[in-house]
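Q: Here it is, the structure in full.
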Amino acid sequence: MTAPTQADIDREMRAAGDAYAGRRAAGSAPGEHPARDYPPYRSSELRHPRQPLTVVQDPDAMELSGPVFGAADVTALDADLTAHHIGEPLGERITVQGRVLDRAGRPVAGQLVEVWQANAAGRYAHRRDRHPAPLDPNFTGAGRCLTDDQGRYAFTTVKPGPYPWRNHVNAWRPAHIHFSVFGTAFAQRVVTQMYFPGDPLFAYDPILQSVTDEAARGRLVASYDHGLSVPEFSLGYRWDIVLDGPAATWTEDTP
């Protein structure tokens, strides 16, 4: 089978967008979350759930056998991805801050927020990443923190680079950081992605474009905040995560 081109994917994305616009014009509610089987995102056709969800009869028992915060307590060092090795990582140093909020805009305190990302060259420190870009021995690309009593989180890292993937010919992912947020239990985990403003790859990316509602898609993009920039150290970006409601941040686990 011939691999689809970017033009093929563009046509499919336009068709999905037009279909969504038609449903909205007919009076349907906004669709903040994408379909599980968004065709332009090729692998979603093969791996999206097709069977009814399994009901967990005993959530407490699952918690006892589930993951924990880690082998050690969460510390301030965990949130500085540039300080996990002896040397300084390569790339543009950035500070990412924001708040975790509920649907009423109230802060969600004490939440474990985890991030992972590619390095400045667009490569993950993972054995399955075969992108022929350099690895950075001083950058692993993973961090975590707990939100404070105002729901605030903060990370210091380097801006990730875009990278190719094999969804179609000449497919590139925009620069992004993966976020994971836990609720009051590990079974309540949600995962999402944060993007950077003005990225020229937005229009070509079927993962981002699978969020067909423009307003919901815009909530995945951080804003540059000069007040968060640290003099002679890092540029600042602000990005809030809303867990539910009409202003919710798109998450990969929401049906």
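The values are calculated or read from the model by the stated rules, or taken from the named source; none is laboratory data. Computed from a predicted model, the values in this text were never measured in an experiment. Positions of Cβ are generated from backbone atoms using ideal geometry, with glycine treated the same way; all protein chains shown enter the neighbour counts. The area values use the complete protein model at the heavy-atom level, side chains included, leaving out ligands, DNA and RNA. Shrake-Rupley method; radii C 1.70, N 1.55, O 1.52, S 1.80 Å.
Q: Can you give me the number of residues within the range 23-48 that are without any contact (Cβ under 8 Å) to a residue 40 or more places away in the chain and farther than 18 Å from Arg217 by Cα?
A: Result for the range 23-48: 7.
Q: Additional query: Are any of the residues in the range 216-226 outside any loop (DSSP other than H, G, I, E, B), without any contact (Cβ under 8 Å) to a residue 24 or more places away in the chain and within 27 Å of Arg23 (Cα to Cα)? Explain how you work it out, then say what you get.
A: From the range 216-226, those outside any loop (DSSP other than H, G, I, E, B) are 216-218, 221, 223-224, 226; that's our starting set.
Subset that is without any contact (Cβ under 8 Å) to a residue 24 or more places away in the chain: 218, 226.
From the residues that got through so far, the ones that are within 27 Å of Arg23 (Cα to Cα) too are 218.
Looking through the range 216-226, at least one residue is outside any loop (DSSP other than H, G, I, E, B), without any contact (Cβ under 8 Å) to a residue 24 or more places away in the chain and within 27 Å of Arg23 (Cα to Cα).
Q: While we're looking at this one, here's another question. Looking at Leu101, Leu90, Leu81, which is the one that is crowded, with 18+ Cβ neighbours inside 10 Å and within 20 Å of Phe196 (Cβ to Cβ)? Steps first, answer last, please.
A: Working: Leu101 fails: within 20 Å of Phe196 (Cβ to Cβ); Leu90 fails: crowded, with 18+ Cβ neighbours inside 10 Å.
None of the other options fit; the residue is Leu81.
Residue by residue, here is whether (1) surrounded by fewer than 19 Cβ atoms within 10 Å (Cβ to Cβ); (2) under 27 Å from Arg14 (Cβ atoms) holds:
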{"site": "Phe196", "(1), (2)": "no, yes"}
{"site": "Leu201", "(1), (2)": "yes, yes"}
{"site": "Asp205", "(1), (2)": "no, yes"}
{"site": "Ser210", "(1), (2)": "no, yes"}
{"site": "Gly218", "(1), (2)": "yes, yes"}
{"site": "Ala222", "(1), (2)": "no, yes"}
{"site": "Leu228", "(1), (2)": "yes, no"}
{"site": "Glu232", "(1), (2)": "yes, no"}
{"site": "Tyr237", "(1), (2)": "no, no"}
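Q: Right, another one. Which of the residues spanning the range 1-11 are free of Cβ contacts under 8 Å to residues at least 40 places away in the same chain and either in contact with a Phe, Trp or Tyr (Cβ under 8 Å, 6 or more places away or on another chain) or open to solvent by less than 60 Å² (accessible area, probe 1.4 Å) (or both)?
A: Of the range 1-11, the ones free of Cβ contacts under 8 Å to residues at least 40 places away in the same chain are 1-2, 7, 11.
Ala7, the sole residue that qualifies.
Q: Only one residue in Pro132, Pro164, Pro160, Pro174 is modelled with pLDDT of 95 or more and open to solvent by 30 Å² or more (accessible area, probe 1.4 Å). Which one? Steps first, answer last, please.
A: Numbers: Pro132 fails: modelled with pLDDT of 95 or more; Pro160 fails: open to solvent by 30 Å² or more (accessible area, probe 1.4 Å); Pro174 fails: open to solvent by 30 Å² or more (accessible area, probe 1.4 Å).
Exactly one of Pro132, Pro164, Pro160, Pro174 is modelled with pLDDT of 95 or more and open to solvent by 30 Å² or more (accessible area, probe 1.4 Å), namely Pro164.
Q: Taking Ala203 as the residue in question, decide whether it is assigned to a helix (DSSP H, G or I), modelled with pLDDT under 95 and over 12 Å from the mean Cα position of the chain (by Cα).
A: Criteria not met by Ala203.
Q: Return the residue satisfying two criteria in turn: it lies in the range 31-57 and is among the basic types (Lys, Arg) and under 21 Å from Arg11 (Cα atoms), and of such residues it is surrounded by the most Cβ atoms within 10 Å (Cβ to Cβ). First the steps, then the outcome.
A: Residues of the range 31-57 that are among the basic types (Lys, Arg), as a first pass: 36, 42, 47, 50.
Pick out the ones that are also under 21 Å from Arg11 (Cα atoms) and you get 36, 42.
Details: Arg36: 15, Arg42: 17.
Among those residues, the one meeting the criterion is Arg42.
Q: For residues that are in a loop (DSSP other than H, G, I, E, B) and in contact with a helix residue (DSSP H, G or I) (Cβ under 8 Å, 6 or more places away or on another chain), scanning just the range 5-34, find the one that is modelled with the highest pLDDT.
A: Just the residues of the range 5-34 that are in a loop (DSSP other than H, G, I, E, B), to begin with: 5, 26-34.
From what's left, in contact with a helix residue (DSSP H, G or I) (Cβ under 8 Å, 6 or more places away or on another chain): 30-33.
Working: Pro30: 83, Gly31: 76, Glu32: 65, His33: 73.
Looking at residues that are in a loop (DSSP other than H, G, I, E, B) and in contact with a helix residue (DSSP H, G or I) (Cβ under 8 Å, 6 or more places away or on another chain), I get Pro30.
Q: Right, another one. Restricting attention to the range 227-255, which residues are more than 19 Å from Val108 (Cα to Cα), at pLDDT 90 or above and either out of contact with any Ser or Thr (no Cβ under 7 Å at 6 or more places or on another chain) or not in a helix (DSSP H, G or I) (or both)?
A: Gly227, Ser229, Val230, Pro231, Glu232, Phe233, Ser234, Leu235, Gly236, Tyr237, listed by residue number.
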